[in-house]
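Right, one structure below, let's go through it.
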Amino acid sequence: MFPHPTTVTPQSPPPARSSRVSFSSPPPTGAAFATSPRSAVASVSLPAGSALAPEISCNEVQGAAVVGMSSSSTAEGDRSEFTEVVVVRHGETSWNASRIIQGHLDAELNEIGRQQAVAVAHRLSKEAKPAAIYSSDLKRAAETARTIAKICNLPDVVLDPALRERHIGDVQGLTLQDAVKEKPEAYKAFMSHKRNKQIPGGGESLDQLSERCVSCLYSIVEKHKGERVILVSHGGTIRELYRHASPTRPLHTKIHNTSVSVILVSGDTGRCIVKMCGDTSHLQATGVLENAFGGDKSSA
């Protein structure tokens, strides 16, 4: 169902990294959460049916969970029913830095991306050990996941094409500026707010992406009830998982490379609780490239 990725070498070198931001003090956006997701569970207590703000940035959920899905009006219940899903975006690639749309094309991590993968791996190694690690089969995610698995002494990474980035059709391999000129119809479809809009050239609609990755999420949760798992994926896919978990609070912030989000998911009721979103506190040495492509509403 999902085609094998195609390896494509970028045609131009990355631009100067003048927009890279490193963190020492204060912590980055989204970093003001508990360091250990497992220890933070007990502090999450949101009454059923609580009123929610219309939109959210990562640093707005400090000290409280975001309860999502239509089942959010049910009682919170026994936390042992929840699987703790630690969602990590892959490390930086040269295409991220050059603002090239990747989609299903198979760019590898650059040196900064490899450093970011090591940094997030060391961070996760100090937290509760997960039962398993799953990843998109695209190289940038798979390498990030394998680095985490090695440093955290985890079993082999389970690769799943259902965790890939959105397929962007004819605009894959182009910058947004080039896409406007060379593939205007595909560009308009990519930028469209219509969730059922497919992109010319075999691209997915947002609804198709959501169905693919959310189905994969619940398949993983079904295998790991009451456990902790790591899931390594891509900016657009992670945003869709967040949208599913918290449909009443759209995410208006960027999911940076190797940022960490945590979602509690009940395989029994389908209920989700967002505990952490886009934390980059482990990237004090490498920083994040603020103008890198991906991780926002036009992520690919």
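Quick check on packing: order 192-204, 85-97 by the mean number of other C-beta atoms within 10 Å, highest mean leading.
The densest-packed peptide leads the list: 85-97, 192-204.
Could you put 156, 106 in order of accessible surface area, largest first, with the 1.4 Å probe and the full protein assembly present?
156, 106
Could you sort out which of 129/150; 126/254; 194/275; 139/188 sit more than 23 Å apart by Cα distance in this structure?
Details: 129/150 13 Å; 126/254 25 Å; 194/275 28 Å; 139/188 28 Å.
Result: 126/254; 194/275; 139/188 exceed 23 Å.
What figure in square angstrom, to the nearest 10, would you give for the accessible area of residue 99 with a 1.4 Å probe?
90
Ignoring ligands and nucleic acids, what accessible area does residue 263 show with a 1.4 Å probe (Å², nearest 10)?
Spelled out: residue 263, probe radius 1.4 Å, area about 10 Å².
Could you work out how far apart the two model spin labels at residue 197 and residue 178 are, taking each label as a point 7 Å from the Cα in the direction of the beta carbon, and quote it in nm?
Result for the modelled spin labels: 2.2 nm.
Need the list of lysines near residue 183 for cross-linking: C-alpha distance under 17 angstrom, and skip anything on the same chain fewer than eight residues off.
List returned: 197.
Using only Cα atoms, what Kirkwood radius does the stretch 206-275 have, in angstroms?
Numbers: mean 1/r = 0.0794 Å⁻¹.
Result for the stretch 206-275, one decimal place: 12.6 Å.
Among 191, 276, what's the order by accessible area (1.4 angstrom probe), most exposed first?
Largest accessible area first, the list is 191, 276.
The values are calculated or read from the model by the stated rules, or taken from the named source; none is laboratory data. These numbers come from a predicted model, not from an experiment. Cβ coordinates were reconstructed from backbone atoms using ideal geometry, including for glycine residues, and neighbour counts include every protein chain displayed. SASA here: full protein model, heavy atoms, side chains in, ligands and nucleic acids out. Shrake-Rupley method; radii C 1.70, N 1.55, O 1.52, S 1.80 Å.
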